[in-house]
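Engineer: Just dropping this structure here.
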Protein chains: 2
Amino acid sequence: MVSIGTISLNDKYIQSFVEKDELTALQDFVESAHKKIHEGTGAGADYLGWLNWPSTMDDAEVSRIEETALKLSKDVDVLIVIGIGGSYLGAKAVQDLLSPAFGRTGLEVVYAGQHISGRYLEELLAYIEGKKVAVNVISKSGTTTEPAIAFRKLKAWMYEAYGEQEAASRIIVTTDESAGALRKTADEAGYVSFVIPGDIGGRYSVLTPVGLLPLAAAGVDIRQLLSGAKQAEADLISTNLEENAAYAYAAYRQVLNARGYSTEVMASFEPAMAGMNEWWKQLFGESEGKQGKGIFPASVIYSTDLHSLGQYLQNGRRMLFETMVSFTEDQQQSQIPFDEEDGDGLNYLVDKTLHEVNQQALNATAMAHHDGGVPILQLEIPKLDAHHTGYLLYFFMKACAMSAYLSGVNPFDQPGVEQYKQNMFQLLGKPGYEK
Amino acid sequence: MVSIGTISLNDKYIQSFVEKDELTALQDFVESAHKKIHEGTGAGADYLGWLNWPSTMDDAEVSRIEETALKLSKDVDVLIVIGIGGSYLGAKAVQDLLSPAFGRTGLEVVYAGQHISGRYLEELLAYIEGKKVAVNVISKSGTTTEPAIAFRKLKAWMYEAYGEQEAASRIIVTTDESAGALRKTADEAGYVSFVIPGDIGGRYSVLTPVGLLPLAAAGVDIRQLLSGAKQAEADLISTNLEENAAYAYAAYRQVLNARGYSTEVMASFEPAMAGMNEWWKQLFGESEGKQGKGIFPASVIYSTDLHSLGQYLQNGRRMLFETMVSFTEDQQQSQIPFDEEDGDGLNYLVDKTLHEVNQQALNATAMAHHDGGVPILQLEIPKLDAHHTGYLLYFFMKACAMSAYLSGVNPFDQPGVEQYKQNMFQLLGKPGYEK
């Protein structure tokens, strides 16, 4: 159990799969990789801006984001956030985790430009008919095909609905400080704009204006989110694997990878974590899946998927390990009511809360899968709120940088993402790509 | 290309990974497995009720489902469907695929009992306050922990809100014809009820009242859904691998599995397929993941995940194959508008629709991933509507039965699902499980 700091790594269900000295054998490499991260001596060192971001972000910029969000919540019915990849997954993940499952506390925030579905976009246009709408378009270059198409369609709709001047007042741009097509457009049209720091890549950008503006609009307390990340930045500094749960998580991943556990299943017992699982898949999959290497990232929501992929986890091919995430505090105290007839046989649970039953489902599953041959890592988070979510985001980013460096790859590039684009430009006859 | 029937299997991006005779070598086994399916000579033969279900379902029962849904749509604001596993994933999948991405055409249908999150359930209870609510509880036994807890809480809420008599009129039960706790409760309390056929397992039950009632309530044309499945039942009958795309899909899966492609990534370029991917994961994962065997089922939505897991697919560890699903007809004709300034450089696309761009993204991705070392199967469906969805559901069920028999396992049991339950009952002190 590595439990210094806020998130604990419980490794009791991994001991029978690895030897004690396998982890300690990585200690030197961890120290070397730590230097790459903190001294910028490794590949991709131009993209380390996320490392000290929580403690150094300009407070005035946080206030400007909050003021912009407050103004939006007064002026509009729906905020459409246009972005893909790192300009989409982070905000969506945190919004899904911290907003109520039904209804909402902030402005209605929806997404576009995260794919090329004409059906989705036409249904969105039908939905916003007659509503007061604003757009936050997020793109470093402004020329990425998916968000550019969505922005064109929505801009045309807004110019038609509101006229040029009012439409411009309803468009907020998040892009590079000085370069790129979107910066040029924003400056010319006088759109309100925010900056994507040049030294922070998409999948590490959730705590910048990329994530913060949509989240503030959706009613998330972004100062709490940042305070949690700042706490993580301070906590996760030791190179000692017994004192840094993020590094221990990274090191265990590589120990398991070397033993042939080629797929990691991120498992949460809280359904609102589904979006976080997608964000985590981009972070680790894009950082590590290169040069023929990398742990394949998959995810499940339990107990839902215990009645689905659970069968495979218990008895299928043994190339999987699981990382179980849980929130330990019982924040709802939701009781199971007594029933006179007890037809369902649940009266033995009436002195328990759903949280207690859910926690025992977790313990039961960890035991069962362990006994079935699946190594289990458990990340235990005290509470589900904005502060701890910020902590968790930073925890995973730091663990990912460490894990990728340990596996010998650059944690910050994504060379393979270009290939389908080149083919697509050629098939579509984009000027300069005809053959 | 195997293109007899409605769904075509395009195998051009698999030819460089397998030899022609690898597929034909399975022809005899396919005929033997076909007998197991059609003559009931294999393991799990008691659960073949799904095979002829589309052509034999009682028409009067379809009408009764439609009438019940119509009555609900007049009487209530929200229908809460309580179920887990096969009593949840099918209805959710088809609802997500066929309902608009924003707004809705039918009654509001939401889900409960698919996990043990107290937060989710308390937020649902807050959401329905003051609304007119009905419940459809779906469980063969009535004692599965997750739905039983949700039903208890919602029943208590309804008895409080409406009184005993009216609450009873708002509860619809879908359960076994004669056995189990829920059947007993339904008969005693006089709930309207529907039957889960005894010879159809959960993951094969979407076309029975399990899926049909929630879907009819949500505004899905269930007669079209059934007509598509009936067409598939008639089409997918040949044992010749060149004439049966479902069997060819199953056989290719096992050829790839034998070559060490241990993970299948189901990829769709239509975001509304996300729920169908989850249904597919249960179908194949639970049917095949046993005895240390099975292809691990994962999924992506493109082009969203081309900016996430796309990097891994292109350059990561080579143990993956991909199955790409696409709908070929352009049903929206959504145009990309001209822009005088062309800052985003998209004017070369103004004579194209989003569907055309999306289809070229698919072609571009298939080429790129193929060239990166990933075998690609492509399932081409003419149109996205209820008829073709019914066809697709049956296509996958028949392919799954074939694939599981080819790999030597029982397609219809799920022995591993019990193990976490046993542990959980013991940890919770359920009478009879104390130690």
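Engineer: Kindly check whether there is at least one residue in region B:198-216 that is of a type outside the set (Asp, Glu), assigned to a helix (DSSP H, G or I) and surrounded by fewer than 20 Cβ atoms within 10 Å (Cβ to Cβ). So that I can check it myself, show each step before the final result.
Structural biologist: Here is the first cut: in region B:198-216, the ones of a type outside the set (Asp, Glu) are B:198, B:200-216.
This time we only want the ones that are assigned to a helix (DSSP H, G or I), so: B:202-204, B:209-216.
Applying the additional criterion that residues be surrounded by fewer than 20 Cβ atoms within 10 Å (Cβ to Cβ) yields none.
No, region B:198-216 has no match at all.
Engineer: Sort out which residues of region B:1-13 are of a type in the set (A, V, I, L, M) and either at pLDDT 95 or above or open to solvent by less than 80 Å² (accessible area, probe 1.4 Å) (or both), and write them in order of number.
Structural biologist: As a first pass, look at region B:1-13 and keep what is of a type in the set (A, V, I, L, M): B:1-2, B:4, B:7, B:9.
Across region B:1-13, the qualifying residues are B:Val2, B:Ile7, B:Leu9.
Engineer: Among the residues of region A:357-371, write down those that are within 7 Å of chain B (Cβ to nearest Cβ) and not hydrophobic (A, V, I, L, M, F, W, C).
Structural biologist: Kept after step one, since they are within 7 Å of chain B (Cβ to nearest Cβ), are these residues of region A:357-371: A:357-358, A:360-361, A:363-365, A:367-368.
Scanning region A:357-371 gives A:Asn358, A:Gln360, A:Asn363, A:Thr365.
Engineer: A follow-up question, please. If I filter region B:398-405 for residues that are open to solvent by 10 Å² or more (accessible area, probe 1.4 Å) and away from chain A (no Cβ under 14 Å), do I get at least one hit?
Structural biologist: Going residue by residue through region B:398-405, those that are open to solvent by 10 Å² or more (accessible area, probe 1.4 Å) are B:405.
From the residues that got through so far, the ones that are away from chain A (no Cβ under 14 Å) too are B:405.
Scanning region B:398-405, I find at least one residue that is open to solvent by 10 Å² or more (accessible area, probe 1.4 Å) and away from chain A (no Cβ under 14 Å), so the answer is yes.
Engineer: For residues in region A:228-266 being under 17 Å from A:Pro382 (Cα atoms) and touching an Asp or Glu at 6+ places or on another chain (Cβ under 9 Å), which is surrounded by the most Cβ atoms within 10 Å (Cβ to Cβ)? Please lay out each step first, then the result.
Structural biologist: First pass over region A:228-266, keeping only residues under 17 Å from A:Pro382 (Cα atoms): A:228-232, A:235-236, A:244-246.
Applying the additional criterion that residues be touching an Asp or Glu at 6+ places or on another chain (Cβ under 9 Å) yields A:228, A:244-246.
Working: A:Gly228: 24, A:Asn244: 25, A:Ala245: 29, A:Ala246: 27.
Going through the qualifying residues, I end up with A:Ala245.
Engineer: Could you list, in sequence order, the residues of region B:284-338 that are in contact with a strand residue (DSSP E or B) (Cβ under 9 Å, 6 or more places away or on another chain), more than 7 Å from chain A (Cβ to nearest Cβ), in a helix (DSSP H, G or I) and open to solvent by less than 10 Å² (accessible area, probe 1.4 Å)?
Structural biologist: Answer for region B:284-338, where residues must be in contact with a strand residue (DSSP E or B) (Cβ under 9 Å, 6 or more places away or on another chain), more than 7 Å from chain A (Cβ to nearest Cβ), in a helix (DSSP H, G or I) and open to solvent by less than 10 Å² (accessible area, probe 1.4 Å): B:Phe284, B:Glu288, B:Leu313.
Engineer: Further question on the same structure: In this structure, is A:Leu51 in a helix (DSSP H, G or I) and either at pLDDT 95 or above or among the hydroxyl-bearing types (Ser, Thr, Tyr) (or both)?
Structural biologist: Against the criterion (in a helix (DSSP H, G or I) and either at pLDDT 95 or above or among the hydroxyl-bearing types (Ser, Thr, Tyr) (or both)), A:Leu51 does not qualify.
Engineer: Being more than 21 Å from B:Ala60 (Cα to Cα), under 26 Å from the mean Cα position of the chain (by Cα) and open to solvent by 20 Å² or more (accessible area, probe 1.4 Å) is the filter here, so list the residues in region B:180-194 that pass it.
Structural biologist: If the condition is that a residue be more than 21 Å from B:Ala60 (Cα to Cα), under 26 Å from the mean Cα position of the chain (by Cα) and open to solvent by 20 Å² or more (accessible area, probe 1.4 Å), then B:Gly180 is the only one that fits.
Engineer: Right, something else. Select from region B:388-429 the residues that are assigned to a helix (DSSP H, G or I) and polar (S, T, N, Q) and write down the one among them that is nearest to B:Ala25 (Cα to Cα).
Structural biologist: Step one: list which residues in region B:388-429 are assigned to a helix (DSSP H, G or I), which gives B:388-406, B:417-428.
Now narrow it down to the ones that are polar (S, T, N, Q): B:389, B:403, B:419, B:422-423, B:426.
Numbers: B:Thr389: 31, B:Ser403: 15, B:Gln419: 37, B:Gln422: 42, B:Asn423: 44, B:Gln426: 48 Å.
This residue is B:Ser403.
Engineer: Looking at (1) among the charged types (D, E, K, R); (2) touching a residue at least 12 places away in the same chain (Cβ under 8 Å); (3) more than 7 Å from chain A (Cβ to nearest Cβ), find the lone condition where B:Glu341 falls short.
Structural biologist: Failed condition: (2).
Engineer: Right, here's the next one. Could you list all residues from region B:14-28 that are touching a His at 6+ places or on another chain (Cβ under 9 Å) and open to solvent by 40 Å² or more (accessible area, probe 1.4 Å)? Reasoning before the result, please.
Structural biologist: Start the filter on region B:14-28 by keeping residues that are touching a His at 6+ places or on another chain (Cβ under 9 Å), which leaves B:14, B:16-17.
Listed by number, the list holds a single entry, B:Ser16.
Engineer: Inspect all residues belonging to region A:347-367 and state whether any of them is hydroxyl-bearing (Ser, Thr, Tyr), in contact with a strand residue (DSSP E or B) (Cβ under 6 Å, 6 or more places away or on another chain) and touching a residue at least 40 places away in the same chain (Cβ under 8 Å).
Structural biologist: no
Engineer: Identify, please: which residue in region B:263-279 is acidic (Asp, Glu) and over 17 Å from A:Glu146 (Cβ atoms) and is, among those, nearest to the other protein chains (Cβ to nearest Cβ)? I'd like the intermediate steps shown before the answer.
Structural biologist: Taking region B:263-279 as the starting set, the residues that turn out to be acidic (Asp, Glu) are B:264, B:270, B:278.
Now restrict to residues that are over 17 Å from A:Glu146 (Cβ atoms): B:264, B:278.
Values: B:Glu264: 12, B:Glu278: 7 Å.
Restricting to residues being acidic (Asp, Glu) and over 17 Å from A:Glu146 (Cβ atoms), the top hit is B:Glu278.
Engineer: Here's another thing I want to ask about it. Out of the residues in region B:73-94 that are more than 22 Å from B:Leu384 (Cα to Cα) and part of a helix (DSSP H, G or I), which is farthest from the other protein chains (Cβ to nearest Cβ)?
Structural biologist: Quick first cut of region B:73-94, residues more than 22 Å from B:Leu384 (Cα to Cα) only: B:73-87.
If we keep only those that are part of a helix (DSSP H, G or I) as well, we get B:73-75, B:85-87.
On the way: B:Ser73: 20, B:Lys74: 23, B:Asp75: 20, B:Gly85: 3, B:Gly86: 8, B:Ser87: 9 Å.
Filtering region B:73-94 for residues that are more than 22 Å from B:Leu384 (Cα to Cα) and part of a helix (DSSP H, G or I), the one farthest from the other protein chains (Cβ to nearest Cβ) comes out as B:Lys74.
Engineer: Moving on to the next point. Select from region B:153-171 the residues that are open to solvent by 10 Å² or more (accessible area, probe 1.4 Å), outside any loop (DSSP other than H, G, I, E, B) and under 28 Å from B:Glu61 (Cα atoms) and list them in ascending order.
Structural biologist: Result: B:Lys155, B:Glu164, B:Gln165, B:Glu166, B:Ala168, B:Ser169.
Engineer: Right, next: Condition (residue is loosely packed, with under 14 Cβ neighbours inside 10 Å, over 30 Å from B:Ala167 (Cα atoms) and out of contact with any Cys (no Cβ under 7 Å at 6 or more places or on another chain)) applied to region B:54-71: is it met by at least one residue?
Structural biologist: Looking for residues that are loosely packed, with under 14 Cβ neighbours inside 10 Å, over 30 Å from B:Ala167 (Cα atoms) and out of contact with any Cys (no Cβ under 7 Å at 6 or more places or on another chain), one finds at least one in region B:54-71, hence yes.
Here is a yes/no grid of residues against (1) of a type in the set (Gly, Ala, Ser); (2) closer than 18 Å to A:Arg64 by Cβ; (3) part of a helix (DSSP H, G or I):
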{"position": "A:Glu177", "(1), (2), (3)": "no, yes, no"}
{"position": "A:Lys230", "(1), (2), (3)": "no, no, yes"}
{"position": "A:Asn240", "(1), (2), (3)": "no, no, no"}
{"position": "A:Glu243", "(1), (2), (3)": "no, no, no"}
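The values are calculated or read from the model by the stated rules, or taken from the named source; none is laboratory data. Predicted, not measured: the structure shown is a model, and the values here were computed from it. Quick reminder, even Gly has a Cβ in these numbers, built from the backbone with ideal geometry, and neighbours come from all protein chains shown. Areas reflect the complete protein model, heavy atoms only, side chains present, ligands, DNA and RNA absent. Shrake-Rupley method; radii C 1.70, N 1.55, O 1.52, S 1.80 Å.
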